[in-house]
Amino acid sequence: MQVSDAGSLSEQHLMNSFFPRNFKKNYPVIKSADGIWITDEDGNQYLDGCSGAIVTNLGYGVKEITDAIARQSETAPFAHTSQFLSRPALDLSGRLTSIAPPSFNLGRVYFASGGSEAVETAIKMARAYFVETDEPTRNIVMSCWPGYHGATLGALSATGHPVRRKPYMPILRPPALVHTDYRYRCQCGHRPGACYNDRCSLERADELEEAIQLQGPSNVMAFIGEPIVGAALGAAVPGATYWKRVRDICTRYGILFIADEVMTGLGRTGKPFAIQHWQVDPDILVVGKGLAAGYQPLSAVIASAKIAGAFERHSGVFEHGFTYSGHPVSCAAGLAAFDYMIENDLIRKVEQSEEKFFKRLEALRKFPAVGDVRGKGFMAGIELVRDIKTKEPFSPSLRASQMLANLAFEEGLLVYPGSGFINGSVGDHIMIAPPFVITDEELDELFARLEQAFNHFTESVKSELEASASSRYGE
Ligand SMILES: Cc1ncc(COP(=O)(O)O)c(C=O)c1O
């Protein structure tokens, strides 16, 4: 075939040329999107109830952002960070450090293209910091199980998600994991319902101290955690005492605290950064997803003054870099997205809408498989269980969260499913995380479609639910 014939390739050829996530699934082809609505090439419409993958925080079709992208593409589409700085990268850096917690006020921003790249950058930055400051034995990254930090090998090594790790185990670094402060299934061993208290959260945090002792404090360089665990656990919010205790432990042992805000960052939970709900200052912040709201690939590592200052004072060099770090068009999109969010007061909107949003979510507890409803701002998780009294999960063969997501899809609603978080194979949740710009009428529509999906789901798993209730009552 001549290159000139490429435009006439058959649809079948095109479909067979693309490497999909799942070869067994049929995917619609997106045609257009506007606000919170997506249309596919067959004319079907979908209400985006999860902002893609908790990315398109500002909805689709924001002209201020697409105009900024066009302007930057026309003027200076590329600049390599070894040769030039760019105005959008500088402007966005300044805005990010100004809304971050106080320790970042004199900090610096390192841009990358996606969350995994940014997590890799943060881990390497932590290691390089200790090389700069003459503590070269520090090399271990501690993290939480369940948790998710990305798909690349370094980020996956720090990820507490067995399903995603399993095929790659032999090529990952050994994990150094502690339990997440997962309130619905607290690890404390107290009676169910008697453990929703600060003491349990402190015990979870203290696990980190034990694990540090085990590894040898002078070998540990960083602890990375999601302030609210997203994809791996469905918006699990730790207790009020948890993050302060983690911060104190990190400080006591000279370990850097990296807050992975790839999903929670930039307003999703009703504050610029979710860690601000706990009034805690990390050493490094990682953001991605919502940073350019899906208009361009963009992520960032925000280094506190302490971290950035060490590089400045010592070698002056962070031995790291991607070709597309600080891409001017991506940064222009991020800058326009940031300004749009601030000008339209969207973080406050999320904060003020939380109560109403969660009231609607709580109402879903009328469905017999809804075990837990959790989250913050516009980041919600619903855990599905076979038995709400015993919290018994569904059998993994049922693929309950995927089943519910498929049923929602049939109703024209996108939700974000997750599974395998309890012991590596069981546990189901879905996440509901609409764009911040969703209107009240659209929220009504979202919940109408979700309830319909839950009706079909309840019907489909009826025999499972009945079997579990009868076994509980000894029938
Ligand atoms: C908390 C967190 N960190 C890192 C990542 C990886 O981001 P990406 O998929 O953009 O590489 C994700 C993605 O879901 C995430 O939720």
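The values are calculated or read from the model by the stated rules, or taken from the named source; none is laboratory data. All of these numbers come straight from a predicted model, not from anything done at the bench. With ideal geometry, Cβ positions are generated from the backbone for all residues, glycine too; neighbour counts draw on all protein chains shown. Areas reflect the complete protein model, heavy atoms only, side chains present, ligands, DNA and RNA absent. Shrake-Rupley method; radii C 1.70, N 1.55, O 1.52, S 1.80 Å.
Tabulated data for the structure shown
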read-out	value
Diffusion coefficient, µm² s⁻¹, Stokes-Einstein with Kirkwood Rh over alpha-carbon pairs of region 65-343 at 25 °C and 0.890 mPa s	128
Peptides 55-61, 9-15 ordered by average Cβ neighbours within 10 Å, highest first	55-61, 9-15
Cleavage-rule hits, trypsin sites (Lys or Arg not before Pro), region 376-475, DSSP coil, Cβ neighbours within 10 Å at most 11	Lys389
Cα lying deepest toward the dipole's positive end in region 65-343, options Pro136, Ala337, Tyr184, charges on Cβ	Tyr184
Entries in Lys24/Lys462; Lys31/Lys63; Lys366/Lys391 that, when Cα-Cα distance is taken, lie over 20 Å	Lys24/Lys462
Burial order of peptide ranges 400-406, 260-266 (average beta-carbon count within 10 Å, highest first)	260-266, 400-406
Listed residue (Phe257, Phe378, Leu407) projecting farthest to the positive dipole end of the chain, Cβ model	Phe257
Antiparallel %, DSSP beta bridges [both residues in region 65-343], to 5	40
Dipole magnitude of the chain, debye to nearest 20 (Cβ charges: Lys/Arg +1, Asp/Glu -1, about Cα centre)	1120
Carbon and sulfur %, accessible surface of the chain computed with the full protein complex present, 1.4 Å	53
Pairs of lysines in region 65-343 (C-alpha under 26 Å apart; 8 or more residues apart or interchain)	11
Surface per residue (accessible, 1.4 Å probe) for region 65-343, Å²	40
Positive-pole candidate from Tyr60, Ser32, Phe18, dipole of region 1-76, charges at beta carbon	Phe18
P(r), alpha carbons of the chain - 10 Å bins starting at zero, rounded %	4, 19, 29, 27, 15, 5, 1, 0
DSSP beta bridge pairing in the chain, given as percent antiparallel to the nearest 5	65
MRE, 222 nm, helices only [DSSP H, n ≥ 4, -39500 (n - 2.57), over the chain, to nearest 500]	-11500 deg cm²/dmol
In region 311-407, GluC sites (Glu not before Pro) in a DSSP loop with at most 13 other beta-carbon atoms within 10 Å	Glu319
Gyration tensor (alpha-carbon) shape descriptor, region 244-352, a/c threshold 1.5	oblate
Cleavage-rule hits, GluC sites (Glu not before Pro), region 30-84, DSSP coil, Cβ neighbours within 10 Å at most 16	Glu41
Ranked by how many other beta carbons lie within 10 Å on average, peptides 274-280, 290-296 from highest	290-296, 274-280
